[in-house]
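Structure first, commentary second.
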Amino acid sequence: MIKLTPPKITPYWLNEDRKLCDIVAHNKILGDLTLNTKYYPDVTERFITELRNKDEKILGYELFSFEDFSNDLFGYSIRVNPELRQKGLRLGELLRLSSIIEMFENKINKLKIYSKDTAIYFHSKYKFEPSITSFKDRDEALNSIINNPQTGMEKFIQSARQLLEKIKQHEKPEIQREAIKEANEITKGYIEKALETKQGSEIYPFSYGMGMELTKDTVIKNKDFYNTLFQNHGIDYKI
């Protein structure tokens, strides 16, 4: 049985609200791992979570920031060393769980990211949803769906094609903005259907990145899913 260790939660500075989380996790192959979050000294107000093994070697990291104008976190990048990817070690998953703990300990409403095309399904597995905000990303997502005519996706392909036609015919700003909301719904349904096959990124790839988000409400709704992942990694934490 894996020993469960609670995260260590400390304020970034005395007398301020932001909290940083240090985590001890366990991996069946790599042994005990640590995730340490600290200020990242660059030109912006960012923080870094470093994932290390027992020899203090960095295995991966995530960069993120607290958004001053909203109660959100923004994740800039999440990275696992190339030689450790696709080996069933679930290190990317561990980094994602760390950011969810940061999210809840800081009472954050939303974790936002911009996903590159090849990582969309990775983030979707952890309940992130499309949050497209630009016309270009909207059109690229719809074209990715249309240009991959796979069996079982006819409904989404037809909806994407109809929406693109509507976009071309109506230039009014309010219609263009409303089409972004519709594109998010179509893309969300497409991704959920693709994930049912367990080969989403291979059979239903996207050709362009997109904004994505994970809300506090979504995490709470799926708390059993996340709590099981925490336990699997030896983290004594519950939503």
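When only residues in the range 186-217 that are part of a loop (DSSP other than H, G, I, E, B) and touching a residue at least 24 places away in the same chain (Cβ under 8 Å) count, which is surrounded by the fewest Cβ atoms within 10 Å (Cβ to Cβ)? That would be S207.
For residues in the range 134-157 being charged (D, E, K, R) and within 22 Å of K116 (Cβ to Cβ), which is surrounded by the fewest Cβ atoms within 10 Å (Cβ to Cβ)?
It comes out as K136.
Inspect all residues belonging to the range 77-90 and state whether any of them is within 20 Å of T218 (Cα to Cα), in contact with a Leu (Cβ under 8 Å, 6 or more places away or on another chain) and among the aliphatic types (A, V, I, L, M). If you could, list the steps in order and put the result at the bottom.
Step one: of the range 77-90, the residues within 20 Å of T218 (Cα to Cα) are none.
No, there is no match, as no residue in the range 77-90 is within 20 Å of T218 (Cα to Cα), in contact with a Leu (Cβ under 8 Å, 6 or more places away or on another chain) and among the aliphatic types (A, V, I, L, M).
So that you can scan it fast, the table gives a plain yes or no per residue for (1) assigned by TED's automatic domain parsing to the domain that holds T197; (2) of a type outside the set (D, E, K, R); (3) in contact with a Gly (Cβ under 8 Å, 6 or more places away or on another chain):
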{"site": "L97", "(1), (2), (3)": "no, yes, no"}
{"site": "I100", "(1), (2), (3)": "no, yes, no"}
{"site": "I108", "(1), (2), (3)": "no, yes, no"}
{"site": "S124", "(1), (2), (3)": "no, yes, yes"}
{"site": "F128", "(1), (2), (3)": "no, yes, no"}
{"site": "A141", "(1), (2), (3)": "yes, yes, no"}
{"site": "N147", "(1), (2), (3)": "yes, yes, no"}
{"site": "M153", "(1), (2), (3)": "yes, yes, no"}
{"site": "F156", "(1), (2), (3)": "yes, yes, yes"}
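Within the range 149-178, being under 24 Å from the mean Cα position of the chain (by Cα) and polar (S, T, N, Q) holds for no residue. Pairs linking a residue in the range 42-53 that is of a type in the set (S, T, Y) to a residue that is outside any loop (DSSP other than H, G, I, E, B) and modelled with pLDDT of 90 or more, with Cβ atoms under 6 Å and 6 or more positions apart or on different chains, are T49/L35; T49/T37; T49/E62; T49/S98.
When only residues in the range 158-185 that are of a type in the set (K, R) and exposed (fewer than 13 other Cβ atoms within 10 Å of the Cβ) count, which is nearest to K125 (Cα to Cα)?
K181
Scanning the range 219-231 for residues being crowded, with 17+ Cβ neighbours inside 10 Å and not hydrophobic (A, V, I, L, M, F, W, C) gives a total of 1. Annotation: of all residues in the range 218-239 being touching a residue at least 24 places away in the same chain (Cβ under 8 Å) and not in a helix (DSSP H, G or I), the one that is nearest to the chain's Cα centre (by Cα) is N222.
The values are calculated or read from the model by the stated rules, or taken from the named source; none is laboratory data. This one's a predicted model, so the numbers in the text were calculated from it and none came from an experiment. With ideal geometry, Cβ positions are generated from the backbone for all residues, glycine too; neighbour counts draw on all protein chains shown.
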